[in-house]
Amino acid sequence: MSMFEKPSQAEQELKWAKIWFKQFSHFHKRGGKANWDFSPDDVILFLRSKRDQRMPAWKRMKILKGLLVYRRFEQELPIDPFSFIVEKMKEIVANERAKQDGYDTIEDVVGVIDPTEPDAIQQFRRALRKDGMRLQTERSYVGKVKAFMADRGLRCLADFASVRASDVEAHLTDLAVDGNVAASTQNTAFHGLLKFFTLVLKRDMGPIEAIRASKGKQVPTVMSTREVASVFEGLEGVHLTIAQLLYGCGMRISEAIRLRVKDIDFDNHLIEIHGAKGGKSRLVPLPDELVEPLQRFVESRRALHEHDIANGTASVWLPYALHRKYPSAHREFRWQYLFASHRLSRDPRTGERHRHHIHYETFPRHLKVAVDSAGIDKHVTSHTFRHCFATHLLWSGTDIRTVQELLGHSDVKTTMIYTHVMNRPGVRIVSPLDRLSEATGRQPAGKSYQEGRIAYAAG
């Protein structure tokens, strides 16, 4: 197993491979014989039957991969004769996804590609967009592939003909040893190169045994309620409201600035969060403290939208090609971003002009000033408010499963990290050093120093 795979990934794949092979063999009346050397025609007939049952293409692709995993690892037979089926299924999946998103052809998904970039990067961008990758992920992966090309002296797609797993392994090792990068940076580089090999080069990268960048368990920074209040005092306007959303609802900064007008349900005191990490959606309670400020932002946003309509510039970016399914939705007020930018911007993929949300870097700059003004020496970021939200809820006795749902975590083990702060209000842990001082009757050094300061000031 590769060092970069999750420990349970191979076991899960083999488990589903056995399930699909059992269905496959019963379909062909083979009685589940484990040693049956099936042919490509047998697989095509089975996949066609699933298609006739209206099974989506992405699921038929999972069946195909499962059968190949079974053939390779259980039967120890070659899978090369089935490569043409895999390529055809990839094409079917891409076309089906494009039509579901409202595009006429798969090329409509791609958008504008910079012709001045190397051909390898152009093809990589095109493949990532067909694969449905987010723009941020695309930028990250492209940056890692560009760094790899610079490191190995590669200029075009043809130069990759001689690139092997050993080159990738050496590059990842250099990142860890010479670059001293974080484990997440090295992992991103690995997954970016893996995507490039899969989508562009269309070949297996091979096993990678690079030296890993170390990443220990990180304890999240948590502010006290007093510190949170002091940070709020240093913020105002839209930045104060965003900070209150982060702390009051446990949002990520990307979720807060991407809120649309329709996502705020004032009657039911709920906020809908869409397109969160992993493409998930969730509901969080709307704090009473934020009802009045958010209503004011909705009204000011309405005034800006009416101004855009009068100028003929009213437009907002819509996900999943909704602008094709609902041609007028991009001009409707409900779809507009609540925290809108003061100027129009051009979509980097389509070239169309929209009024987007405020930039990601705007809030962190104001937050840093507020933290410095409050005299807080902790490393406070936008995500710290999410840590505070979870930790303070657990302090108040909220069930950890409830906190898990509010944060949108798939596994409660992720939420368990917020049980790290033991000195919660009313449950203070006494250090053995303090107990020793009490037992021997000695005063703590800090207490004597403080009393000395008071006596000196009185004198």
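In region 335-447, counting only helices (runs of 4 or more DSSP H) that sit wholly within it, the ones holding 3 or more residues that are at pLDDT 90 or above and over 25 Å from the mean Cα position of the chain (by Cα) span 362-373.
Would you point out the residue of region 116-153, among those that are more than 21 Å from H171 (Cβ to Cβ) and among the basic types (K, R), that is modelled with the highest pLDDT? Ranking the candidates gives R126 first.
Among residues of region 185-214 that are closer than 25 Å to D80 by Cβ, those with a beta-carbon under 9 Å from a residue that is part of a helix (DSSP H, G or I) and at pLDDT below 80 at least six positions away or on a different chain give the pairs L199/K130. Number of residues in region 376-392 that are more than 20 Å from T414 (Cα to Cα) and touching a residue at least 60 places away in the same chain (Cβ under 8 Å) equals 4.
Any idea which residue in region 131-142 is farthest from R164 (Cα to Cα), counting only those that are touching a residue at least 40 places away in the same chain (Cβ under 8 Å) and not in a loop (DSSP other than H, G, I, E, B)? Taking the candidates together, the pick is L135.
In region 297-319, the qualifying residues are those that are part of a loop (DSSP other than H, G, I, E, B) and exposed (fewer than 14 other Cβ atoms within 10 Å of the Cβ), and the one that is modelled with the lowest pLDDT is P319. Residues in region 310-352 that are within 16 Å of V261 (Cα to Cα) and either touching a Cys at 6+ places or on another chain (Cβ under 8 Å) or of a type in the set (A, V, I, L, M, F, W, C) (or both): A314, V316, W317, L318, A329, F333, W335, L338, F339, A340. Taking the numbered list (1) crowded, with 17+ Cβ neighbours inside 10 Å; (2) over 21 Å from A34 (Cβ atoms); (3) at pLDDT 90 or above; (4) not small (G, A, S) in turn, V69 passes all entries but (2).
In region 352-367, the residues that are touching a residue at least 12 places away in the same chain (Cβ under 8 Å) and surrounded by fewer than 18 Cβ atoms within 10 Å (Cβ to Cβ) form Cβ pairs under 6 Å with partners that are among the basic types (K, R) and assigned to a strand (DSSP E or B), at six or more places apart or across chains, as follows: R353/R346.
Here L64, L77 are screened, and the one residue that is modelled with pLDDT of 90 or more and assigned to a loop (DSSP other than H, G, I, E, B) is L77. Of the residues making up region 153-209, those that are among the polar types (S, T, N, Q) and within 21 Å of P118 (Cβ to Cβ) number 3. Taken over region 320-340, residues that are closer than 26 Å to L245 by Cβ and either in the same structural domain as L135 (by TED's automatic domain parsing) or surrounded by fewer than 16 Cβ atoms within 10 Å (Cβ to Cβ) (or both) amount to 5. Anything in region 217-267 that is within 26 Å of the chain's Cα centre (by Cα) and of a type in the set (D, E)? List them, or say none. Hits for region 217-267 are E255, D263, D265. Applying the set (1) at pLDDT 90 or above; (2) within 18 Å of L77 (Cα to Cα) to K33 leaves exactly one unmet item: (1).
Residues of region 38-54 that are buried (at least 17 other Cβ atoms within 10 Å of the Cβ) and either touching an Asp or Glu at 6+ places or on another chain (Cβ under 8 Å) or not in a helix (DSSP H, G or I) (or both): F38 alone. Tell me, yes or no, whether region 343-363 has at least one residue that is of a type in the set (S, T, N, Q) and closer than 30 Å to Y418 by Cβ. Taking every residue of region 343-363 in turn, at least one turns out to be of a type in the set (S, T, N, Q) and closer than 30 Å to Y418 by Cβ.
The values are calculated or read from the model by the stated rules, or taken from the named source; none is laboratory data. Just so we're clear, the structure is a prediction, and the values are computed from it rather than from any experiment. Positions of Cβ are backbone-derived with ideal geometry, glycine not excepted, and every protein chain shown enters the neighbour counts.
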